[in-house]
Amino acid sequence: MAARDPEATKARIFEAAVAEFARHGIAGARIDRIAGEAKANKQLIYAYFGNKAELFAIVLEKKMLHVAEDVPVAPDDIEDWIDRVMDYHADHPELLRLLFWEGLEYGSAELPLESARQEHYARKVAALKDAQDRGVVTDAIPAADLLFLLTALANWTAVVPQMRRILVGEGEPDRDRLRASVKEAARRLTAR
């Protein structure tokens, strides 16, 4: 009989949950599909992560921590930061899908684990505010609003690929031109 490895099982459940929630959202996701994909007992999912909504919240919180660690705000080089955000979402399309499912499910209601998310964003806003105070970035737009706008600019191309294809084109030169345009817009938005 094989020895149990709870951490490996949790990791398999987590990855299966990411894929399931990204495909089907909270309401459409099924614990039995997650269990099957993870080769784990459904009861282990409940024991390790709680109910489906709690599992979704944990999945999204961990994914948000990953992006925060991998792509910290860099107000001293906005164009490089935009590149890194766009690259991150091209490599990890599931995060934006999870965020949109969360938006569809919760709307503007308070989110599970919201306080951790607020802390995460407060650090990003503080980095922009510091850059504003140092004169690196415009203070004509409040730091929180500026972060919201920059994030939208960087993420929108990955969120609506069909609109990107229709409006901009789908070839590599089209994608490169759009990326350059997004970076130029971010530069102008933050310019002193």
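The values are calculated or read from the model by the stated rules, or taken from the named source; none is laboratory data. Every value quoted in this text rests on a predicted model; they were computed, and no experiment measured them. Ideal geometry is used to build each Cβ from the backbone, glycine not excepted, and the neighbour counts take in all protein chains shown. The area values use the complete protein model at the heavy-atom level, side chains included, leaving out ligands, DNA and RNA. Shrake-Rupley method; radii C 1.70, N 1.55, O 1.52, S 1.80 Å.
A few points about this structure:
- Some residue of the stretch 45-63 being in contact (Cβ under 8 Å) with a residue 12 or more places away in the chain, closer than 30 Å to D176 by Cβ, of a type outside the set (A, V, I, L, M) and assigned to a loop (DSSP other than H, G, I, E, B): no
- Checking each residue in the stretch 130-158 for being touching a Phe, Trp or Tyr at 6+ places or on another chain (Cβ under 9 Å) and open to solvent by less than 30 Å² (accessible area, probe 1.4 Å) picks out L147, L150, A154.
- Number of the condition not met by R187 [criteria: (1) assigned to a helix (DSSP H, G or I); (2) surrounded by fewer than 15 Cβ atoms within 10 Å (Cβ to Cβ); (3) free of Cβ contacts under 8 Å to residues at least 24 places away in the same chain; (4) not acidic (D, E)]: (3)
- Residues located in the stretch 110-153, provided they are among the polar types (S, T, N, Q), part of a helix (DSSP H, G or I) and over 30 Å from G50 (Cα atoms): Q132, T151
- Options L98, L104, L55; residue that is aliphatic (A, V, I, L, M), open to solvent by 70 Å² or more (accessible area, probe 1.4 Å) and over 30 Å from A191 (Cβ atoms): L104
- Filter result for the condition that a residue is within 30 Å of A180 (Cα to Cα), surrounded by 15 or more Cβ atoms within 10 Å (Cβ to Cβ) and charged (D, E, K, R), over D83, D87: D83
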